[in-house]
Amino acid sequence: MTFKTVSFRVCECGAGRGFSDTRLAGRALGRAQAKRNRRADKHGSRRGLERENRFFECQYGLFHLTRQSRRERTVVGL
């Protein structure tokens, strides 16, 4: 089995992995969601499952995956 990884860079903003464009961020988001779904299906329950549901652009121009909704993110002020 071969794994196709999505290239990323460590971002200066401290959010971890940063993707250079929306296409790469979208691919990474899909892979992360699929991985979480597989893990939940193996466990037998999706109760308490926290999974990435969108990506955002940081002040350094990279895109990051997040579990927060847009509303949560704007209320917190990040």
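What follows draws every value from the coordinates through simple rules; no lab data is involved. Remember, it's a predicted structure, so these values are computed and weren't measured experimentally. Don't worry about glycine lacking a Cβ; one is built from the backbone with ideal geometry, like all the others, and counts go over all protein chains shown.
Observations
- Taking 58, 11 and counting other C-beta atoms within 10 Å, the order from fewest to most: 58, 11
- Along segment 59-67 the Karplus relation, 6.51 cos²θ - 1.76 cosθ + 1.60 evaluated at θ = phi - 60°, assigns HN-Hα couplings of 5, 8, x, 9, 9, 10, 7, 9, 8 Hz to successive residues, with x for each Gly and Pro.
- Label-to-label distance, nm, for residues given as residue 57 and residue 43 (7 Å Cα→Cβ offset): 3.4 nm
- The HN-Hα couplings worked out from phi for segment 35-50 by the Karplus form 6.51 cos²θ - 1.76 cosθ + 1.60 (θ = phi - 60°) are 5, 5, 5, 4, 5, 5, 5, 5, 6, x, 8, 9, 5, x, 6, 10 Hz, whole numbers, x standing for Gly and Pro.
- Exposure proxy for 5, 66, 22: other Cβ atoms within 10 Å of each Cβ, ordered fewest to most, give 5, 22, 66.
- Three-way shape call for segment 15-76 based on the alpha-carbon gyration tensor, with the a/c threshold at 1.5: oblate
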